[in-house]
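Colleague: Let me begin by handing over the structure; questions about it come next.
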Amino acid sequence: MSELRPSSTQWIELDGAALAHNVGIFRSILSSDTLLLGVVKANAYGHGLGEISGLAAEHLDWFGVHTAGEARSLREIGVRQPILVMGFVPPGELRDLDSDIHLLISSIPAMGSVADYRDRSGVSLPIHLKIDTGTKRQGITVSAIDEVIRVAAMHRLDVVGLATHFANIEDTLEHEFAHTQLERFHRAVERATGLVGGEPPFVHAACSAASLLFRDTDFTMARVGISMYGHWPSRETKLSWILEHGRDGLQLRPVLSWRAVVGQLQRVAKGESVGYGRTWTALRETVLGVIPVGYADGYSRALGNRARVGVRGRAAPVVGRICMNIFMIDVTDIPDVEVGDQVTLVGADGGFAITVEDLADLCGTINYEFLARLSPAIPRSAGRNDDF
């Protein structure tokens with residue numbers, strides 16, 4: 001029987017070779033002079049900020065985060081590349097940031113906060129202006145650029161970048177609106193260039209989907225997130241690639257696998273129900289494996305009675321509702337299952353494989369959300385279970 005160690009009831013494995021492979025794909029298709037920014041916000045899309053940063057540091061030109069706290073964490077773990085903070089930063093969070101941490105600025109009040117930080121700390125943080133070209137989320141309208149640059153000059157802020165973000169480049173095969181946004185961004189870059197006396201050194205619009213599909217979005221830097229981790233942004237993005245380039249040639253490799261152990265085995269008689277709400281009833285004498293993972297860890301409640309996991313290279317159905325810290329699987333047809341056996345929640349095990357996309361579909365959501373909801377408390381490593 002496998003030895004059950006409480007510290008390893010579940011774990012996430014990270015494949016550094018897959019990460020390097022995916023980054024290499026973008027290096028090969030982006031323009032040769034386009035810098036590559038790897039987006040590691042939201043705990044590196046659930047993969048683990050510290051672990052991914054260690055694996056990716058030698059492959060990336062820049063790192064992108066959402067919060068100032070994430071930028072400070074990257075510096076604390078030794079990341080030396082420039083960092084772009086892409087989200088709103090409250091004035092109180094502007095502390096202990098060095099001059100190679102750049103801020104994406106979406107409003108005039110935010111520029112005042114950056115100027116106040118410079119006056120207090122003596123550190124002048126470079127800023128990139130976020131141009132709203134149609135997403136209507138964050139950003140400065142093209143018509144407001146004159147005023148914004150005037151205010152930046154008044155505050156003596158260093159405008160080193162211009163950026164935008166596409167509203168509908170992933171979820172469609174029709175990209176007219178993306179092209180409209182790109183035209184607006186070109187106008188914004190032209191206008192800003194004339195106002196500041198030269199094009200800012202960092203101009204960026206491309207996300208993963210744009211980086212894969214459209215070379216005219218490369219500019220001087222591309223921001224790659226979900227696909228750095230080995231996932232297509234959407235089915236439509238993958239289909240767009242196939243329609244343009246053919247089915248072969250680009251194989252993203254998922255970086256993350258999620259494993260757990262069988263925590264208990266129990267027999268359930270025919271006719272007995274299982275779990276909260278009694279949503280599953282045994283149609284035969286059944287052997288259940290109890291898995292010490294639940295929705296608190298990111299294994300969604302929507303997966304009850306729907307998902308499968310891998311045990312000894314075979315598929316085992318999830319039965320009953322997912323609990324906060326536990327769910328159950330039917331291992332009746334898998335011989336010799338023991339307490340402590342490895343269970344694959346995401347990834348491959350012999351002839352069994354299940355993807356983040358499979359689980360996201362069952363949950364009625366997208367791969368981004370499923371990954372981002374993985375608990376930061378789950379141990380993560382570039383090795384396997386024996387590392388824990």
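Colleague: Can you pull out the residues in the range 108-157 that are out of contact with any strand residue (DSSP E or B) (no Cβ under 7 Å at 6 or more places or on another chain) and among the acidic types (Asp, Glu)?
Modeller: So the first thing to find is which residues in the range 108-157 are out of contact with any strand residue (DSSP E or B) (no Cβ under 7 Å at 6 or more places or on another chain), and the list is 108-110, 112-113, 115-124, 133-137, 143-147, 150-151, 153-156.
Scanning the range 108-157 gives 116, 119, 146, 147.
Colleague: Considering 87, 78, 122, 92, which residue is surrounded by fewer than 13 Cβ atoms within 10 Å (Cβ to Cβ), under 22 Å from the mean Cα position of the chain (by Cα) and not hydroxyl-bearing (Ser, Thr, Tyr)?
Modeller: Working: 87 fails: surrounded by fewer than 13 Cβ atoms within 10 Å (Cβ to Cβ); 122 fails: under 22 Å from the mean Cα position of the chain (by Cα); 92 fails: under 22 Å from the mean Cα position of the chain (by Cα).
Exactly one of 87, 78, 122, 92 is surrounded by fewer than 13 Cβ atoms within 10 Å (Cβ to Cβ), under 22 Å from the mean Cα position of the chain (by Cα) and not hydroxyl-bearing (Ser, Thr, Tyr), namely 78.
Colleague: Can you find a residue in the range 343-365 that is touching an Asp or Glu at 6+ places or on another chain (Cβ under 8 Å) and among the polar types (S, T, N, Q)?
Modeller: No: zero hits.
Colleague: I'm checking my understanding of the structure. Among residues of the range 126-171 that are hydrophobic (A, V, I, L, M, F, W, C) and in a loop (DSSP other than H, G, I, E, B), which one is surrounded by the most Cβ atoms within 10 Å (Cβ to Cβ)? Give the steps one after another, and end with the answer.
Modeller: Start the filter on the range 126-171 by keeping residues that are hydrophobic (A, V, I, L, M, F, W, C), which leaves 127, 129, 131, 140, 142, 144-145, 148-149, 151-154, 157, 159-160, 162-163, 166-167, 169.
Still in the list and also in a loop (DSSP other than H, G, I, E, B): 157, 166-167, 169.
On the way: 157: 22, 166: 23, 167: 17, 169: 28.
Per the criteria, the residue is 169.
Colleague: Among the residues of the range 215-243, write down those that are assigned to a helix (DSSP H, G or I), among the charged types (D, E, K, R) and either more than 14 Å from residue 170 (Cβ to Cβ) or free of Cβ contacts under 8 Å to residues at least 60 places away in the same chain (or both). Reasoning before the result, please.
Modeller: Let us first name the residues in the range 215-243 that are assigned to a helix (DSSP H, G or I), namely 215-217, 226-229, 235-243.
Keeping just the survivors that are among the charged types (D, E, K, R) gives 215-216, 235-236, 238.
Those that are assigned to a helix (DSSP H, G or I), among the charged types (D, E, K, R) and either more than 14 Å from residue 170 (Cβ to Cβ) or free of Cβ contacts under 8 Å to residues at least 60 places away in the same chain (or both): 215, 216, 235, 238.
Colleague: Here is a follow-up. So for the range 206-214 (the condition being crowded, with 22+ Cβ neighbours inside 10 Å, assigned to a strand (DSSP E or B) and touching a residue at least 12 places away in the same chain (Cβ under 8 Å)), does at least one residue qualify?
Modeller: yes
Colleague: Does the range 339-375 hold any residues that are of a type in the set (D, E, K, R) and over 23 Å from residue 235 (Cβ atoms), and which are they? Even if it seems obvious, please write down each step before you answer.
Modeller: Narrowing the range 339-375 to residues of a type in the set (D, E, K, R): 341, 349, 357-358, 361, 369, 373.
Correct list: 341, 349.
Colleague: Which of the residues belonging to the range 244-287 are closer than 30 Å to residue 213 by Cβ and in a loop (DSSP other than H, G, I, E, B)? Break it down into steps so the answer makes sense when it comes.
Modeller: Of the residues in the range 244-287, the ones closer than 30 Å to residue 213 by Cβ are 244-258.
Across the range 244-287, the qualifying residues are 246, 247, 248, 249, 250, 251, 252, 253, 254, 255.
Colleague: I would also like to ask the following. If the Cβ limit is 6 Å and pairs must be 6+ apart or interchain, which residue in the range 342-367 that is within 20 Å of residue 312 (Cα to Cα) and in contact (Cβ under 8 Å) with a residue 60 or more places away in the chain pairs with which residue that is in a strand (DSSP E or B) and hydroxyl-bearing (Ser, Thr, Tyr)?
Modeller: Qualifying pairs under 6 Å: 346/257; 347/257.
Residues checked against (1) assigned to a loop (DSSP other than H, G, I, E, B); (2) closer than 15 Å to residue 299 by Cβ; (3) more than 16 Å from the chain's Cα centre (by Cα); (4) of a type in the set (Val, Ile, Thr):
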residue	(1), (2), (3), (4)
328	no, yes, yes, no
337	yes, no, yes, yes
340	yes, no, yes, no
343	no, yes, yes, yes
347	no, yes, yes, no
357	no, no, no, no
371	no, yes, no, no
377	yes, yes, yes, no
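Colleague: While we're looking at this one, here's another question. Among the residues in the range 285-307, are any at pLDDT 95 or above, within 18 Å of residue 364 (Cα to Cα), among the polar types (S, T, N, Q) and touching a Pro at 6+ places or on another chain (Cβ under 9 Å)?
Modeller: Scanning the range 285-307 turns up at least one residue that is at pLDDT 95 or above, within 18 Å of residue 364 (Cα to Cα), among the polar types (S, T, N, Q) and touching a Pro at 6+ places or on another chain (Cβ under 9 Å).
The values are calculated or read from the model by the stated rules, or taken from the named source; none is laboratory data. Quantities reported herein were computed from a predicted structural model and do not represent experimental measurements. For neighbour counting, all protein chains shown are included, and Cβ atoms are generated from backbone atoms with ideal geometry for every residue, glycine included.
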